[in-house]
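A.B. asks: The structure is given below, and queries will be raised subsequently.
The values are calculated or read from the model by the stated rules, or taken from the named source; none is laboratory data. These numbers were taken from a predicted model, which means no experiment stands behind them. Don't worry about glycine lacking a Cβ; one is built from the backbone with ideal geometry, like all the others, and counts go over all protein chains shown.
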Amino acid sequence: MSSVLLAIITANLLLSFAAFYDENIRERCIFDIAKIRRGDHVRMLSSGFIHGDFFHLFFNMYALYLFGTQFIYFSSPLFFAVIYFVGLLAGNLLTLLVHQNDYTYRALGASGAVSSVVFGSVVFDPQQEIMIFPIPFGIPAYIFGLIFLLYSLYGIKAANDNIGHTAHLGGAAAGYLFTAISYKTTFLAALPYTLVPAAAFLVLGIYHFGFKK
């Protein structure tokens, strides 16, 4: 495992477990619209290193390990770190934009950063098969991307659960675009496949944010 990937996973584990047992740490790190708008901007970063519970932490870190390993194989540890933090901040920036007037909104987790790495991997290998439990067969990465976008946009609109769909979406878009721009040749070679989630993101994004009820 890359030392950069190991360091990021270790940081998530240490801070998340600390927050599990110390409510003060959780409260100092959590994404909180009211406190961020009052100038506590460090939460835009710190909230990505704490999680709601063990399963939230486990699944994020497991996905990060799987896709992070592949992402580093196609790029480099440095670019992986860049994509991780770009996705984390982009996810939280979009969340801040969408929920800016909801002063009760709070969130936590590395989902935006992990989504960024996942969709960066889609650029590198759009036909890779992704296994989703309990489905007994693999789904091509570009189809997974389309399903992911539909689910995230529905989640933003429904807003009836505690999942940070907006951060997922912002991180996914950032990872996809930043990787595509940085690796143009690879992106163009896989263009017929990578355009599927890209076109869906554009059309559904315009529909959702441009034609609200």
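A.B. asks: Any idea how many residues of region 72-83 are in contact with a helix residue (DSSP H, G or I) (Cβ under 6 Å, 6 or more places away or on another chain) and either at pLDDT below 95 or farther than 19 Å from I9 by Cα (or both)?
C.D. replies: Of the residues in region 72-83, 1 are in contact with a helix residue (DSSP H, G or I) (Cβ under 6 Å, 6 or more places away or on another chain) and either at pLDDT below 95 or farther than 19 Å from I9 by Cα (or both).
A.B. asks: While we're on this one: Going by the conditions given, is V86 at pLDDT 95 or above and touching a Phe, Trp or Tyr at 6+ places or on another chain (Cβ under 6 Å)?
C.D. replies: yes
A.B. asks: Would region 31-40 turn up any residue that is farther than 27 Å from Y176 by Cα and either within 17 Å of the chain's Cα centre (by Cα) or in contact (Cβ under 8 Å) with a residue 60 or more places away in the chain (or both)?
C.D. replies: yes
A.B. asks: Okay, moving on. Would you tally the residues in region 29-46 being part of a helix (DSSP H, G or I) and closer than 12 Å to L89 by Cβ?
C.D. replies: 4
A.B. asks: Tell me yes or no: at least one residue of region 45-66 is without any contact (Cβ under 8 Å) to a residue 40 or more places away in the chain and either under 23 Å from T186 (Cα atoms) or in contact with an Asp or Glu (Cβ under 9 Å, 6 or more places away or on another chain) (or both).
C.D. replies: yes
A.B. asks: Name the single residue that is surrounded by the most Cβ atoms within 10 Å (Cβ to Cβ) among those in region 47-73 being not in a helix (DSSP H, G or I) and not charged (D, E, K, R).
C.D. replies: H51
A.B. asks: Could I ask something else about it? Could you tell me which of the residues A173, A167, A110 is within 12 Å of the chain's Cα centre (by Cα), at pLDDT 90 or above and of a type outside the set (D, E, K, R)?
C.D. replies: One residue alone meets the criteria, A110.
A.B. asks: Return the residues of region 27-55 that are charged (D, E, K, R) and either modelled with pLDDT of 95 or more or more than 11 Å from G109 (Cα to Cα) (or both); say none if nothing qualifies.
C.D. replies: Across region 27-55, the qualifying residues are E27, R28, D32, K35, R37, R38, D40, R43.
A.B. asks: What residue, among those in region 89-140 that are touching a His at 6+ places or on another chain (Cβ under 7 Å) and among the hydroxyl-bearing types (S, T, Y), is nearest to D32 (Cα to Cα)?
C.D. replies: Here the residue is Y105.
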